[in-house]
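Notes to accompany the following structure.
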Amino acid sequence: MSESVMVQMRTALERALAPSTLEIVDDSARHAGHAGARGGGHFKVTLVAGAFRGRSRLERHRMVYAAVAPLMGEAVHALNIVARSPEEASDRG
């Protein structure tokens, strides 16, 4: 299940935010005992996109959640989001 969810998530994020870098990690196994884990997977999303320039952390997270909204609740229970602008990503080496 999680592989198709990851493909759907990647497609949605690429379409909405055109990231130059996008990494999605299925972190569900670490949350197997968590009651909410039955309602969908836990994922870590790391992305770099020009769309994040000048946006606050909250705005960036809202943009990511908006992009994957159709997956939330059933296929995706939780997201750990790292969202950077290209300039921030290059500062980190």
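The values are calculated or read from the model by the stated rules, or taken from the named source; none is laboratory data. Just so it is clear, the structure is predicted and the values come from calculations on it, not from any experiment. Here the Cβ is made from the backbone with ideal geometry for all residues, glycine too, and neighbour counts use every protein chain on show.
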request  = For residues that are exposed (fewer than 15 other Cβ atoms within 10 Å of the Cβ), at pLDDT 90 or above and either closer than 14 Å to N80 by Cβ or out of contact with any Gly (no Cβ under 8 Å at 6 or more places or on another chain) (or both), tally how many sit in the stretch 9-43.
outcome  = 6
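If the requirement is being outside any helix (DSSP H, G or I) and either out of contact with any strand residue (DSSP E or B) (no Cβ under 6 Å at 6 or more places or on another chain) or surrounded by 17 or more Cβ atoms within 10 Å (Cβ to Cβ) (or both), which of these qualifies: R60, R55? Show your work before the answer.
On the way: R60 fails: outside any helix (DSSP H, G or I).
The match here is R55.
Criterion first (polar (S, T, N, Q), over 15 Å from P86 (Cα atoms) and either at pLDDT 95 or above or not in a strand (DSSP E or B) (or both)) does T46 satisfy it? Let's see the steps before the verdict.
Working: polar (S, T, N, Q): yes; over 15 Å from P86 (Cα atoms): no; either at pLDDT 95 or above or not in a strand (DSSP E or B) (or both): yes.
Taking the combined requirement at face value, the residue does not satisfy it.
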task = Select from the stretch 54-87 the residues that are more than 15 Å from the chain's Cα centre (by Cα) and either under 15 Å from L22 (Cβ atoms) or of a type in the set (A, V, I, L, M) (or both) and list them in ascending order.
result = P86
request  = Considering each residue of the stretch 64-91, count those that are assigned to a helix (DSSP H, G or I) and either within 21 Å of D27 (Cα to Cα) or among the acidic types (D, E) (or both), and give that number.
outcome  = 10
